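Take a look at the structure set out below.
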Amino acid sequence: MIQFSLFGIPIQIQPFFWVTMALLGGATRASTSDALLQLGLFVIAGFISILVHELGHALTIKSYRLPTSITLQAFGGYASYPAGRLNRLQNFLVTAAGPALQLVLALVAHVILHRIPPNEGMIMFFRALKWVSILWALLNLLPVLPLDGGHLVNSVLGPRRIKITLWITIVTAVVVGVYGIISHQIFLTVLLGMFAYQAFQALKENNWR
């Protein structure tokens, strides 16, 4: 486990974060030196991109004078803070800040790609940084709990309309999960299927159907 601080924010990186990133980068198919280099650059780019995403959340939390910390774990990460201390607008802004800063990072990577010398390693790295940032931000903006998009919907609708938020989660997750099957993206299907199941259980356990 790796621990350090950035901008006064404690950061913890769990071992399975690296395992997940390696699998997403195609570790099972990396059998040549070029493939291993590409895998390594992808993992580094993914780490930077996801850390920037969580920093977007954490720095916004910190701006409200609340304590926060970041944990990077399998399939992503989260920025923690005391529950019940933010209103709906503040929650919305904290949630939106993560994908917003990540998309800014993608734009920076895109600009750098068009200004760096023709170095294969640098091009591979900044291309990976750009696309990881775009795809991760877009995935998180899906209106599916517990992704950022689901929390944004929940902030807009409020806790009294959690039933609507959960049904939006289920419908969206099923549609995207089916797309994952059609496009042979099994990871996407499994992830969205898990979120749909969790939302359905929440409806069932609280008699909200």
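Taking segment 117-144, which residues are under 10 Å from Ala106 (Cα atoms) and surrounded by fewer than 20 Cβ atoms within 10 Å (Cβ to Cβ)? Residues satisfying the conditions are Arg127, Trp131, Ile134, Leu135. Cβ separations smaller than 7 Å between residues 6+ apart or across chains give no pair from segment 88-107 residues that are in the same structural domain as Asn154 (by TED's automatic domain parsing) and free of Cβ contacts under 8 Å to residues at least 24 places away in the same chain to residues that are of a type in the set (D, E, K, R) and surrounded by fewer than 16 Cβ atoms within 10 Å (Cβ to Cβ). Remark: Ile11 matches the filter, which requires a residue to be in contact (Cβ under 8 Å) with a residue 60 or more places away in the chain, surrounded by 17 or more Cβ atoms within 10 Å (Cβ to Cβ) and not in a helix (DSSP H, G or I). Screening Thr71, Thr60 for residues that are among the polar types (S, T, N, Q) and in a strand (DSSP E or B) leaves exactly one candidate, Thr71.
None of Asn119, Asn154 is at pLDDT below 95, under 21 Å from Gly77 (Cα atoms) and over 13 Å from the mean Cα position of the chain (by Cα) except Asn154. Within the option set Leu72, Leu41, being at pLDDT below 95 and crowded, with 18+ Cβ neighbours inside 10 Å holds for one residue only, Leu41.
For Val108, indicate whether it is in contact with a His (Cβ under 6 Å, 6 or more places away or on another chain), modelled with pLDDT of 95 or more and of a type in the set (Val, Ile, Thr).
Values: in contact with a His (Cβ under 6 Å, 6 or more places away or on another chain): no; modelled with pLDDT of 95 or more: yes; of a type in the set (Val, Ile, Thr): yes.
It is false that Val108 is in contact with a His (Cβ under 6 Å, 6 or more places away or on another chain), modelled with pLDDT of 95 or more and of a type in the set (Val, Ile, Thr).
The values are calculated or read from the model by the stated rules, or taken from the named source; none is laboratory data. Just so it is clear, the model here is predicted, and its values are computed rather than measured. Neighbour counts are summed over all protein chains in view; Cβ atoms, including those assigned to glycine, are modelled from backbone coordinates with ideal geometry.
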